[in-house]
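All of the numbers you see were taken from the coordinates with simple rules; none came from a lab. Source: prediction; values computed, not measured. Methodologically, a virtual Cβ is constructed for each residue, glycine included, from the backbone with ideal geometry; neighbour enumeration extends over all protein chains shown.
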Amino acid sequence: MDTLTLALIALAAAVLLVALSAWLAARARRLPYRRVDSLLTDAERSFYGVLVRVVDRDIAVFPKVRFADLLWLPPNTGDRRAHLNRVASKHIDFVLCHRRSLAPLLAIELDDSSHRARDRRRRDAFVDRVLRAAGLPLLRVPARRSYAPAELAELVRRSLFDH
């Protein structure tokens, strides 16, 4: 092989290495996040469909609200970081809010069979205590295949006005 051919092969190899290196660097910078198919599970969507039909038109329904967005701690709270950490990764399945002010009126948890597990019962008891302390009523609804609109409307009405 002559010198010119070797030089061209070396140049082609160098160009390929630079291109491969750039491609690998770009791939490494790409973030791994992907969009979920739905914010809600099938059971949650079923419940949500009935819930939005039965609430008063002055009430907005928000799914999967983080505790960190629903609650606040007074500035002088002792062990502030510890209290924040205890709720940081928790959410409420649904929150009913006054449509104009968006003030939270009622938290709703859809309890499926996983709520019978010991660690889940402890988590549920903690959620109950937190919301009671914050003055936000909580309605726990057993997950079902379907929901009777009139029954759900009455549960919501009672929870909103009889707490």
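Observations on the model:
- Segment ARG116-LEU102, extension gain: residue separation times 0.36 nm, minus the distance between their alpha carbons: 1.8 nm
- Residue-wise HN-Hα coupling along the range 56-62, computed from phi with Karplus coefficients 6.51, -1.76, 1.60 (Hz; x: Gly, Pro): 4, 5, 8, 10, 9, 10, 10
- Proxy reagent accessibility, fewest Cβ within 10 Å first, across ILE9, ILE108: ILE9, ILE108
- Net length gained if the chain between VAL36 and ASP124 were fully extended (0.36 nm per residue, minus Cα distance): 29.1 nm
- A simple spin-label model places the labels of ARG132 and LEU6 8.6 nm from each other, with each point 7 Å out along Cα-to-Cβ.
- Annotation: amide H of ARG140 within the under-5 Å range of GLU109, sequence separation 5 or more or interchain, hydrogens built in the peptide plane.
- Amide hydrogen neighbours beyond the local backbone of LEU106, cut-off 5 Å, H modeled: LEU96
- Residues whose amide H lies under 5 Å from that of ARG99, counting only those 5 or more places away or on a different chain, are ILE59, ALA60; hydrogens are built 1.01 Å from N in the peptide plane.
- Karplus-derived 3J(HN,Hα), 6.51/-1.76/1.60, for each residue of the range 99-107, Hz, glycine and proline x: 4, 7, 8, 6, 5, x, 10, 7, 9
- The separation of the range 117-142 from the range 147-163, counted between C-alpha centres, amounts to 18 Å.
- FRET E, pair LEU84, LEU20, Förster distance 45 Å, beta-carbon r, rounded to 0.05: 0.50
- Taken one residue at a time, the phi angles of the range 119-125 give Karplus couplings (6.51, -1.76, 1.60, θ = phi - 60°) of 5, 6, 5, 5, 4, 4, 5 Hz. Gly and Pro are set to x.
- For the chain, the longest site-free run once trypsin sites (Lys or Arg not before Pro) in DSSP loop states with at most 10 other Cβ atoms within 10 Å are removed: 101-144
- Label of the coordinate-derived value, semi-axes √(5λ) of the Cα gyration tensor in Å, listed as (1) 30, 19, 15; (2) 53, 22, 16; (3) 30, 23, 16: (2)
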